[in-house]
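A short worksheet on the structure shown next.
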Amino acid sequence: RTLVLDPDTLEPVSQGESGVLAHFDLANWNSSLAILTEDTGCMTDRGLMLEGRLQGSEARGCSIAVDQLKQAAWNG
């Protein structure tokens, strides 16, 4: 399960609002159950939309590809 949280308060935001992503995996009983990321996104009617990374955070994983796509769309 993924929650979208306000980056200042860490309270859940309304659907359609952007925030930082927290992932919960209750099946991971023998390790970390939750991860607070520096990824940003929002929940839509169609599911989670990944937007990128918090400003000033290190690029990692899929956010690198998202940033490249956004850059290409902006320049194209």
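The values are calculated or read from the model by the stated rules, or taken from the named source; none is laboratory data. All figures in this text were calculated on a predicted structure; none of them were measured in a lab. Because the Cβ atoms are built from the backbone with ideal geometry, glycine has one as well, and the counts that use them run over all protein chains shown. Keep in mind that these areas ignore ligands, DNA and RNA; they rest on the heavy atoms of the full protein, side chains included. Shrake-Rupley method; radii C 1.70, N 1.55, O 1.52, S 1.80 Å.
So in the stretch 31-43, with the set limited to residues that are among the polar types (S, T, N, Q) and within 26 Å of Lys70 (Cα to Cα), which one is surrounded by the most Cβ atoms within 10 Å (Cβ to Cβ)?
Result: Thr40.
Find all pairs meeting these conditions: Cβ atoms under 9 angstrom apart; at least six residues apart or on different chains; first residue within the stretch 31-54 and at positive phi and of a type in the set (A, V, I, L, M); second residue open to solvent by 70 Å² or more (accessible area, probe 1.4 Å) and part of a strand (DSSP E or B).
So the pair list comes out empty.
If you check Leu3 against the conditions, is it touching a residue at least 12 places away in the same chain (Cβ under 8 Å) and in contact with a Gly (Cβ under 6 Å, 6 or more places away or on another chain)?
In short, no.
Restricting the stretch 38-76 to residues that are at pLDDT 90 or above and polar (S, T, N, Q), which is nearest to the chain's Cα centre (by Cα)?
Thr40
I'd like the residue in the stretch 17-30 that is open to solvent by less than 50 Å² (accessible area, probe 1.4 Å) and without any contact (Cβ under 8 Å) to a residue 24 or more places away in the chain and, out of all such residues, is farthest from Asp67 (Cα to Cα). Steps first, please.
Pass one, the stretch 17-30, residues open to solvent by less than 50 Å² (accessible area, probe 1.4 Å): 19-22.
Within this subset, residues satisfying the condition of being without any contact (Cβ under 8 Å) to a residue 24 or more places away in the chain are 19, 22.
Numbers: Gly19: 16, Ala22: 20 Å.
Checking each candidate, the answer is Ala22.
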